[in-house]
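Structure, as structure tokens:
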Amino acid sequence: METSGILEVRGLCKQYPDFQLADVSFTLPRGYIMGLIGPNGAGKTTTLKLILGALRRDAGSIRAFGLDPVEAGVEVRSRIGFVHDEPRFYRSLTLTQNAALVARLYPSWNDDTFRRLSTAFELSLDKRFGQLSHGNKTKFALALALSHRAELVVLDEPTSGLDPVFRRDLLDTLTELLQDERTSILFSTHITSDLERIADYITLIQNGRIVFSEAKDRILENWALVKGGLDQLESLPPHYFRGLHRGAHGFEALTDDAREARRRLGDSVVIEGATLDDVVLYTTGSGSNV
Amino acid sequence: MTEAILRNWIPLRRDLILHRRTLVLVAVMYTAFQAWFVTSFNNPMVWLVFNCIYFSFLTVTPLTADEKTQTLPWLCTLPVTRADLVRGRYVTSWALVLALYAVSVALAALMPGSDISPVWMLGPDRLLLVAGVVTFIIALLLPFTIRFGFTGMLLTLVAAQVLGGVMLVVAKITGGDLGSGISAAVGILREGIFALRGSLGVLGFQLALLVVLFLANWASYRASVWLFRRREF
């Protein structure tokens, strides 16, 4: 039985000798796009692989469509379309041959959709996979992932290596997918401008831990950049900001409560809306906290 | 039943498509080999044992392609279980061995002056010998190949070579006669088999051997699944 979210992750842990994914929790409701953001090595890909059951978790629970990917791996994966950050298929086979191998494994495979997407992505199906550029490899992986009526599309850095025109078209395609209100998308990226266009929820992960997982509009409403003189910092309690950069003449900082900052600091500082890029930069960057 | 056949056919077909070039190359090489063997040796028993060893290595080697193309992580995100992927390897190996055996018997019989008779080669005892030799190699190699890829297969073979080398050295140091020791061991095994055959009857012995070979393959398959499930990508 499906619970409230198409994907529910609770207290997920995975231990490596030099890295630990700790207590990762988030929920993706049906029919929405969630962006999973964070710096390289933060744990994004590990989280996605755990969701697919490609890695074994040490603790926590995952429910995709109400099912555990470890216990019901075949069913869960048949309802997921996945794109790797570095797509690898059989280099010596043509795209048609590669697709034919995959198609038989999905009961809901739609060859017309695959051909339509291949045409839209300007893929030559007679070409061998090994002859494709990185961008075209990603396009092929996307065409496969979107051709079996997946209810959950999981994309690991799909837009890196793609030209801006195709990136825009891809984002439009993903938005179109949501029109049926049954498909959800989990989209890992470090190109936050893509997420500002299409995401409904943002989950920020850093050093294997969730920093926040919230609705994008709420983040853009509450988080703000504060700019002011160094003397104004003296009156503030430690750790007042989520991130801070001190300059020679002033400071620039990130707050997660714009209303409270405006009430407290008034017109003595400049407060402006933060972009997702600002949020990532300040929460994961090298700026010292106050 | 249909579903089970289809589930095995999908990975088998995948592997056959994937290795079609290798298979064509092997077929051409093998035809040339048949001509050479028949004109040079023309000994049915040597032919049988040599071919079984040859087929087993041939079928295991191309199955490491997913390691070379680094496609295993992707395969593990498809709607198949790890057991399905492993079973595909076993089914492919056995299907290739059987196909190669049938084709090579026909080829060898067709060579002018050949002493290799298809009727003799397809007799129950010879088929059980084929199954025994192939089981010994495949059941030993596949778990290591599935867990460690081509390196695993090589390491297994190297380990066997090292073991042989160590035995030779030990025999030399202790003044033992390794050749006689091996002959004695083979003799004991042979006598044991004949005794068992005598007590069970020919048909009973053949059935028992078939069951043992099946169990050996099953145990190897289960070990491979266990090892493959422990791999993380």
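Read-outs throughout are calculated quantities, based only on the coordinates presented, and are distinct from any laboratory measurement. On a predicted model such as this, the values are computed, not experimentally measured, just so you know. Counting neighbours? That spans all protein chains shown, and the Cβs are built from the backbone with ideal geometry, glycine included.
Some notes on this structure:
- Taking the number of Cβ atoms within 10 Å of each Cβ as an exposure proxy, the fewest-first ranking of B:M45, A:M34 is B:M45, A:M34.
- Of all stretches in chain A that contain no GluC sites (Glu not before Pro) in a DSSP loop with at most 10 other Cβ atoms within 10 Å, the longest one is A:182-290.
- Gyration tensor (alpha-carbon) shape descriptor, the range A:94-178, a/c threshold 1.5: oblate
- When DSSP beta bridges are restricted to pairs lying wholly in the protein assembly as shown, around 65% turn out antiparallel.
- Packing-based exposure ordering (other Cβ within 10 Å, fewest first) of A:K14, B:K68, A:K216: B:K68, A:K216, A:K14
- Of all DSSP-defined beta bridges confined to the range A:7-218, some 50% are antiparallel rather than parallel.
- Between the range B:123-170 and the range A:116-194, the alpha-carbon center distance in angstrom: 45 Å
- Likely footprinting exposure, B:S56, A:S268, B:S40, A:S78, fewest C-beta neighbours within 10 Å first: B:S40, A:S268, A:S78, B:S56
- Cα gyration tensor shape of the range A:214-290, rounded if a/c is under 1.5, else prolate or oblate by comparing a/b with b/c: oblate
- Only Lys, Arg (+1) and Asp, Glu (-1) charged, at Cβ; the protein assembly as shown dipole about Cα centre in debye: 1680 debye
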